[in-house]
Each structure stands twice: as structure tokens, then as C-alpha cells.
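Novice: Dumping the structure here so I can ask a few things about it.
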Amino acid sequence: MGDNTVKIALKLLLITLVAGLALGLTNAVTKDPIQEQELAAAEAARREVLTADSFYEVPLDTLKANSSIQWAAGNDTVTAVYGAKAADGSFAGTVVEITGKGYGGSIAITVGVDQHKQVSGVKIGTHSETPGLGAKTANPDFYGQYAGMDAQKEIAIGAGENGVVAISGATVSSKAVTSAVNIAATLAVEYQTVIEEAAQ
């Protein structure tokens, strides 16, 4: 009886070691390709929301350190900021990557604001919103509404000059995206000079 228990324990230990090594090897093999795919997807999202020749990242610490502009609490949901250059080297606008809080959890959102302070585009990335409801925020029919809006004015759910139509049955998700777009647009407008100068 004792020998059997030891044998079973050793077999289980061996299986656990082999499984652990296999998982570790799989992680090591797939880690770099996954990171490359994520970087490529982020670059594609930037190019979708703002027409530009190239992008350069502006460290968030650079923006926070600017004493002439108060860093808003909502800006803490911003994950990255990029300046953009046209082919002639002139400033083309700003791209803000931000996380919205939807009904099902976090929503990754990329917002473009051009040099004229208009929202040039919005792209929804990874999310956990309800299929058929909040997940519709990732449809161009919804996020395409933001393009062309004045980034200097608040965007709201409802009719009006800077109004978007919420997804039926998904008001929380619609408001989450709109709130994130407002935060991103305000940041892009307020820090435009800082972002532009960061390229020099």
C-alpha cells in the first residue's frame, strides 16, 4: 500500500513537471509573436484614427510634468499618447490610447485628434462587453459617429452638434466610450503644444 502511494505521488510529480515545462516552453515561444501582433494592432489603430506619415510616443510623465496645465484625474485612464507628423514633417495631430470602463469591464479605445482640434477617428480595441449589446460599440456604425466632432466641446449622448446616438440596450457601454473620448479629446487639445514640441 505504501509503495503504491509513493509510485502514484512520483508519477503525479513527473506529470506536473512535464506539464510545467511544456507551458513554460509554449510561453517562451509565443511571447514575442504575441507582443509583435499587439504592437502591429496598436499601430494599425493609430493609422486608422489619424492620417499621418509617422507617430512618436510622448511619455505621460512629460505631460504630467508640465506645470502650466493641471493633470486631470480622468487622465489616469490614459495608457499612451502619440504625436503625429505629416509627410512634410509638420504636426498632424495626436493619438490617445485610453481605457474606458464599460458594463463588462475595460474597453481599450484609441482616439485621434487632428491639428485643427477635431476628432479624426475612434477605434475600439479589446473589450468584454455583452455580445449583441455593448459589444456593438466596436462596430463602425457606432464609433464612426465621433469623427469630425469638435474636440474642444463636450461630446454627449443624444441629439445635437456634438451628440452621438447610444446603442439601444447598451447605454452604459455607450456612455463609457463617450466619456473616454471626451477625456482623450480634452487632453489632446490642452496638451497640443506640448505634444507638438515633443517631436523637436
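The values are calculated or read from the model by the stated rules, or taken from the named source; none is laboratory data. Values in this document were obtained by computation on a predicted structure and should not be read as measured data. In this analysis, Cβ positions are derived from the backbone assuming ideal geometry, glycine residues included, and neighbour counts consider all displayed protein chains. Just the protein is used for accessible areas: all its heavy atoms, side chains included, with ligands, DNA and RNA removed. Shrake-Rupley method; radii C 1.70, N 1.55, O 1.52, S 1.80 Å.
Novice: Lysine pairs in the chain 8 or more apart or on different chains: how many have alpha carbons under 28 angstrom apart?
Specialist: Close lysine pairs found across the chain: 25.
Novice: For a quick size check, give me the Cα extents of the chain along its three principal axes, largest first, whole Å.
Specialist: Principal extents (largest minus smallest coordinate, Cα): 80, 45, 31 Å.
Novice: Between GLU161 and THR30, 0.36 nm times their residue separation minus their Cα-Cα distance comes to what? Walk me through the numbers on the way to the answer.
Specialist: On the way: separation 131, 0.36 × 131 = 47.16 nm, distance 4.68 nm.
Value of the extension gain: 42.5 nm.
Novice: Kindly provide the GluC sites (Glu not before Pro) of the stretch 111-200 that DSSP labels as loop, not H, G, I, E or B, and whose Cβ sees at most 16 other Cβ atoms within 10 Å.
Specialist: Answer by residue number: GLU154, GLU161.
Novice: How many nm separate the modelled label positions at ASP150 and LEU39, each set 7 Å beyond the Cα in the direction of the Cβ?
Specialist: Label at ASP150, label at LEU39, 4.1 nm between them.
Novice: Report the local net charge at ARG46: Lys and Arg +1, Asp and Glu -1, summed over other residues whose C-beta lies under 14 Å from its C-beta.
Specialist: -4
Novice: Please give the helix 2-49 orientation as an angle from the longest Cα principal axis of the chain, in degrees from 0 to 90, rounded to the nearest 10.
Specialist: Once rounded, the angle reads 20 degrees.
Novice: Same structure, new question: Solvent-accessible area of LYS11, probe 1.4 Å, all protein chains present, reported in Å² to the nearest ten, please.
Specialist: Rounded to the nearest 10, that gives 140 Å².
Novice: Now for a different question. Normalised by the residues of the chain, what does the relative contact order come to in percent, with Cα pairs under 8 Å and at least six apart?
Specialist: Here the relative contact order equals 18 percent.
Novice: Right, another one. Give the carbon-plus-sulfur fraction of the accessible surface of the stretch 117-166 in %, rounded to a whole number; probe 1.4 Å, heavy atoms of protein chains only. Display every interim value, and only then the final one.
Specialist: Values: 1260 of 2550 Å².
C and S fraction of accessible area: 50 percent.
Novice: I would also like to ask the following. Helix 171-190: angle to the longest alpha-carbon principal axis of the chain, degrees 0 to 90, nearest 10?
Specialist: Around 60 degrees separate the two axes.
Novice: Ordered by residue, what ³J(HN,Hα) values in Hz, to whole numbers, does the stretch 115-131 give under the Karplus form 6.51 cos²θ - 1.76 cosθ + 1.60, where θ = phi - 60° and Gly and Pro are x?
Specialist: Those phi angles translate into 5, 8, 6, 10, 5, 8, x, 9, 9, 9, x, 5, 7, 10, 6, 5, x Hz.
Novice: Just name one of GLN200, GLY160, THR171: the one whose Cα is farthest towards the positive end of the charge dipole of the stretch 138-200 (beta-carbon charges, Lys/Arg +1, Asp/Glu -1).
Specialist: Most positive-ward Cα: THR171.
Novice: Okay, helix-only estimate at 222 nm for the chain: each DSSP H run of n ≥ 4 adds -39500 (n - 2.57), divide by all residues, round to 500 deg cm²/dmol; what do you get?
Specialist: One gets -14000 deg cm²/dmol as the mean residue ellipticity at 222 nm.
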